[in-house]
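A short worksheet on the structure shown next.
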Amino acid sequence: MRGLSTILQSLCWSSTSKTLDFRFSKFHKIDNFATLTKPSTKPNKAHLKQQQEPSSFGSLFSEITEILGAEHVTLDKTPSGFFICKETHLGVGEVGQEIAKVNALGEKEDITVVEETRFESVAETDVSPVVHEVTNIVRAENGLVSMEERLDELGFQLDSEIVDKVLKRCFKVPHLALRFFDWVKLKVWFCHTTKTYNTVLCIAGEAREFGLVEKMVEEMERNLCEKDVKTWTILIQMYGKAKLVGRALLVYEKMKKCGFEPDSVVFRMMIRALCAAGKADVAMEFYKEMVQKDIGLDINMYKLLLNGIASYGDTAAVGLVSDDMMRVSQIPEHAVYGCVLKSFCISGRIREALEYIRELKNKDVMLLPEYFETLVKGLCRADRIADALEILDIMKKRDFVDGNVYGIIINGYLRKNDVSRALDLFRSMKECGYLPTTSTYTELMQRLFNENEYQQGCELYDEMLERGVEPDSVAVTAMVAGHVRQNHISEAWKVFNDMKDKGIKPTSKLYLVFIKELCRISRTDEILKVLVHMRASDMRIKDDTFNWVVLHMEKKGEMDSLEKVKQMQSLYKLQPHDGEVSSSDASSGERTNTVLELLPKKMDPLLNSDAYDDKDLQEICKILSSSTDWCFIQEVLEKSSVDYTPGLVLEILRYHSGHGSVALQFFSWVGKQSGYCHTTDTYNMAIKIAGRGKDFKHMRNLFYEMRRNSFSITQDTWTIMIMQYGRTGLTEIALQFFREMKSNCNPTGSTYKYLIISLCGRKGRRVDEAIKIFQEMIRAAHIPDKELVETYVGCLCEVGKLSDARRCIDSLSKVGFTTSLGCSLYIRALCRAGKLQEASALMDDIGEERSTLDRYTYGSFVHGLLRSGQVEEALAKVESMKQAGMKPTVHVYTSLIVHFFKEKQIKRALEIFNEMQQEGCEPTVVTYSALIRGYMNMGMIAEAWSVFHNMKLKGPLPDFKTYSMFLHCLCKAGKSEEAMQLISEMLNSGIVPSVVNFRTVFYGLNREGKQDLARIVMEQKSSLIRKRKFLIS
């Protein structure tokens, strides 16, 4: 094969395409097809969507429909869509020799070298007690005695085999594995081997610590530890997986220079990495060398390569590969034709797909039903649903339509957000006697739930069961989410439990969706219940799941539940997962019991006097929502026969926390009922509700009432008081409560966090106090989280206290923050504060961590450069990171969109937005808000409303900042009456408008001479205040 420099020069495929002979079988040659499209640079997806198609497309499509309609089609279908024989993985010159079997779908993946290294030890039977004991020490994370001290006390002299096994068992805790690796290499009796280096390279690569990977490779060279083929393969795979194709190519060249001949695994990895990075032309160079070296290729790699080169429109290269599939690997012709057609359709190359069908017809190739289905799918992906319906009619005449084909078109309508037509086609297919698939039912249910058509979605699920269509985990997930959004928790659990009764195993995705939806409606107790179910079913709970729950509870101030979740997480980390060995060997029942002890007792009615019936909860909530007249509500409550418990009252308060007046009236009334007594938890919830409604007088009264009645004033109580004052800018009062708290009990980590964030806020900012309290927090051994550090350091950089910011970052390394994380937070804060020079200087001082930091911070640099007007430098930065294999983040794309709108370059801004979506980068609320602001500043009000409605329809839902920005822009544009609608929408969505929101709309309406409407806005404001505050009747 040519050298790396030659490969990189070959990125322009045209230099080689002229020499390729396009043959689709060993007995005929198709020259016409090879000239249909000239190879060029890879088109963007917007081009693939038919934006500038020639007028001849219509005539071509008509010709193809005539071909399909007249063709005698075989009905000999296979379940997979096309037949694949066993001999699909053959070496060149070894026709007939089976190398590997693939399933009917041809979707078998190679076992990666990293996974092989990670799980190699599973099959080993000799797991010595030494490995057990050392592994337990490494994974224990004992805060009192360091791992290194405990290992020294153990006194074992470990050989390389034991070290390797320990490292493999610590694969999921890379920071601990790397500490163990460093500890053992300092021992005079030990020397690392190639095998142990390979394992630690895998660990570092999986953790994406590429700077550490390079350091390990250099260390191997210094210690004269020879690399083997596996070492090179690991390096190539980790860089390829991270889409750092340039580095993967460099490693490949070094491997060859060191005398190692790449094997089939290396070639497949390079081809997969290059295709994933959009470099299919370079991948073809590797493919051609594989053919020359007589190295076999399986059908999965053929498909991957076909998809890549088809996206370039390089029909000649497609012909070369498909010819090899038939001639060399002996894959049946009809299977190859299906793969080629599918590759064109996947790539949006509909013209090429139609030309290909015509050529097949000209060569008298029998067209299989699967080809029709593939074409339908391709047409739908290209937004040509009308054409897809024509193909459907032809298929119906040939009598080989099934529910799957209808489902493809229904999915096409849903992707275009045309729900009505999707439902019309759904009804039509049933009338024609076709049974919808599970996925079709699921997609429709999801869309209906998203559009708040709850009842219709439930009816679809019931219909699916009645028709005998078995739901899968995805359908159940959709149904659970739909029930939870409507606060029908018992129905959600019923669907969940029915699923388990039917033998459908819950997936981690189902659990995560369940938890996220419960977070949206703030059902903390149910979240804990889901976590218990996950643990009891031996489902691995990822840190991301725990972190999501922790973040939600911190935002909501649910201190008791937060501590329980953190305890669950700590306990979970100490227990074995996925085949890991534990010296305790505790049974799953014992583990579940341990976790249950952390939960609110109401979850087990047999153990808890606070248990309540959901019917009682629904009855009281219905009464409280029935009227705004408290006297009427009280009269109905007194007629009710419900027995109140603190647990029931807590849930009622939580359910009505957005309507402070009725919730606090109920709290006062129920406290006077015989047989009932409030608890600290119910008081804490009432205090929180009063604070949210800015009813600080009543909040203080409740606090002092707790004291008078001898209730325990817990750390949570103090923290809630401090948080509620701090979040509204009343930081002086928050500090007074903080000082009083310290004279009664020790502040928690959450107390420190919320107070410091308040002191760093725009309102009530007290930077010197924040510095003092942050240092106090560190001395008290409380570890700040990322959110707190970002806010604190950002504030310090904003006010110019850079030395204090640097001291903070330096102190973080002592409490567990990595150097790269600490520096990235500091650099981000400097960029946001406009201090680019200081940020650049810090980057220059980093050294070995530079490559890692580039990945974390380049978005911040781009944002800072754009804000300072250095547009060319910002764009150059984006381009340089793309060249290094790093795709722009949503933060970078959003910054570019904001900038171009600001410069009135609307076309450029929309190009960035389209590119963002084509690259699979999901826009956030901030991105859509930038679009709305940009359109409004350009006077394009209809377009701004279109974006806003699209957010409500498809998500992400507008938040408080989006509403505030939009109504401000509308009032500025003289559209205050439309802004008034947003006030009502905010209230209906459970988002509380601020005083500034009301004032903005009020002044806008008065300026436009609409005084009557302005008075209505003031009445809305007064009504909201009455709903949120406790009014003495």
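The values are calculated or read from the model by the stated rules, or taken from the named source; none is laboratory data. All of these numbers come straight from a predicted model, not from anything done at the bench. We place every Cβ from the backbone using ideal geometry, glycine too, and count neighbours over all the protein chains shown.
Quick notes
- Search result, residues across segment 915-969 that are of a type in the set (Gly, Ala, Ser) and touching a residue at least 24 places away in the same chain (Cβ under 8 Å): Ser929, Ala930, Gly934, Gly939, Ala944, Gly955, Ser964
- Test result for Lys416, closer than 24 Å to Thr477 by Cα, surrounded by fewer than 16 Cβ atoms within 10 Å (Cβ to Cβ) and out of contact with any Lys or Arg (no Cβ under 6 Å at 6 or more places or on another chain): yes
- Reported count of residues in segment 335-352, each being at negative phi and either surrounded by fewer than 20 Cβ atoms within 10 Å (Cβ to Cβ) or under 34 Å from the mean Cα position of the chain (by Cα) (or both), is 12.
- The set of residues in segment 242-264 being free of Cβ contacts under 8 Å to residues at least 60 places away in the same chain and under 18 Å from Lys887 (Cα atoms) consists of Ala248 alone.
- Members of segment 467-504 found to be in a loop (DSSP other than H, G, I, E, B) and touching a helix residue (DSSP H, G or I) at 6+ places or on another chain (Cβ under 7 Å), listed by number: Val469, Glu470, Pro471, Asp472, Gln486, Ile504
Results for (1) among the hydroxyl-bearing types (Ser, Thr, Tyr); (2) surrounded by fewer than 19 Cβ atoms within 10 Å (Cβ to Cβ); (3) closer than 26 Å to Gln1011 by Cβ, shown as yes or no for each residue.
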| residue | (1), (2), (3) |
| --- | --- |
| Leu931 | no, no, no |
| Ile941 | no, yes, yes |
| Thr962 | yes, no, no |
| Leu967 | no, no, yes |
| Ala973 | no, yes, yes |
| Glu978 | no, yes, yes |
| Gln981 | no, yes, yes |
| Gly990 | no, yes, no |
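- Near pairs, Cβ below 7 angstrom, 6+ apart or cross-chain, from segment 685-707 (on the phi > 0 side of the Ramachandran plot) to any residue that is at pLDDT below 90: Lys694/Thr728
- Candidates Ser758, Ser712, Ser750, Ser743: the one that is under 28 Å from Lys566 (Cα atoms), touching a residue at least 60 places away in the same chain (Cβ under 8 Å) and among the small types (Gly, Ala, Ser) is Ser750.
- Filtered residues of segment 281-305 (kept if among the small types (Gly, Ala, Ser) and either part of a helix (DSSP H, G or I) or surrounded by fewer than 16 Cβ atoms within 10 Å (Cβ to Cβ) (or both)): Ala283
- Complete set of residues in segment 866-888 that are more than 26 Å from Met951 (Cα to Cα), surrounded by fewer than 16 Cβ atoms within 10 Å (Cβ to Cβ) and within 22 Å of the chain's Cα centre (by Cα): Lys882
- Count of segment 419-446 residues, restricted to those that are more than 17 Å from Ile385 (Cα to Cα), of a type in the set (Val, Ile, Thr) and crowded, with 17+ Cβ neighbours inside 10 Å, is 2.
- Any hit, segment 190-200, residues being surrounded by 20 or more Cβ atoms within 10 Å (Cβ to Cβ) and either outside any helix (DSSP H, G or I) or of a type in the set (D, E, K, R) (or both): yes
- Test result for Lys243, modelled with pLDDT under 85 and of a type outside the set (Val, Ile, Thr): yes
- Pairing each residue of segment 163-186 that is part of a helix (DSSP H, G or I) with any residue that is at pLDDT 85 or above and basic (Lys, Arg), provided the two are 6+ apart or on different chains, yields C-beta distances under 7 Å for Asp164/Lys195.
- Take the conditions (1) under 30 Å from Asp159 (Cβ atoms); (2) at pLDDT below 85; Val217 misses just one of them, which is (2).
- Filter result for Gly211 (part of a helix (DSSP H, G or I), in contact (Cβ under 8 Å) with a residue 40 or more places away in the chain and not assigned by TED's automatic domain parsing to the domain that holds Arg169): no
Here's the yes/no breakdown for (1) buried (at least 18 other Cβ atoms within 10 Å of the Cβ); (2) touching a Cys at 6+ places or on another chain (Cβ under 9 Å); (3) of a type in the set (A, V, I, L, M, F, W, C); (4) at pLDDT 90 or above:
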{"position": "Val890", "(1), (2), (3), (4)": "no, yes, yes, no"}
{"position": "His899", "(1), (2), (3), (4)": "yes, no, no, no"}
{"position": "Glu919", "(1), (2), (3), (4)": "no, no, no, no"}
{"position": "Tyr928", "(1), (2), (3), (4)": "yes, no, no, yes"}
{"position": "Met936", "(1), (2), (3), (4)": "yes, yes, yes, yes"}
{"position": "Ala944", "(1), (2), (3), (4)": "yes, yes, yes, yes"}
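- Residues of segment 535-564 classified as aliphatic (A, V, I, L, M) and free of Cβ contacts under 8 Å to residues at least 40 places away in the same chain, total: 5
- Count - residues of segment 367-402 that are of a type outside the set (A, V, I, L, M) and crowded, with 20+ Cβ neighbours inside 10 Å: 12
- When each of Gly313, Gly278, Gly308 is tested for being in contact (Cβ under 8 Å) with a residue 24 or more places away in the chain, buried (at least 21 other Cβ atoms within 10 Å of the Cβ) and at positive phi, the lone residue that passes is Gly313.
- Some residue of segment 693-715 being over 34 Å from the mean Cα position of the chain (by Cα), aromatic (Phe, Trp, Tyr) and surrounded by fewer than 16 Cβ atoms within 10 Å (Cβ to Cβ): yes
- Among all residues of segment 964-974, there is at least one that is farther than 17 Å from Met940 by Cα and part of a helix (DSSP H, G or I).
- Residues of segment 727-741 classified as in a helix (DSSP H, G or I), of a type outside the set (Phe, Trp, Tyr) and at pLDDT 90 or above, total: 9
- Ala663 meets the conditions (1) out of contact with any Lys or Arg (no Cβ under 7 Å at 6 or more places or on another chain); (2) under 19 Å from Asp613 (Cα atoms); (3) crowded, with 17+ Cβ neighbours inside 10 Å in every case but one. The failed one is (2).
- Qualifying residue in segment 224-233 (condition: of a type in the set (Asp, Glu) and more than 21 Å from Ala276 (Cβ to Cβ)): yes
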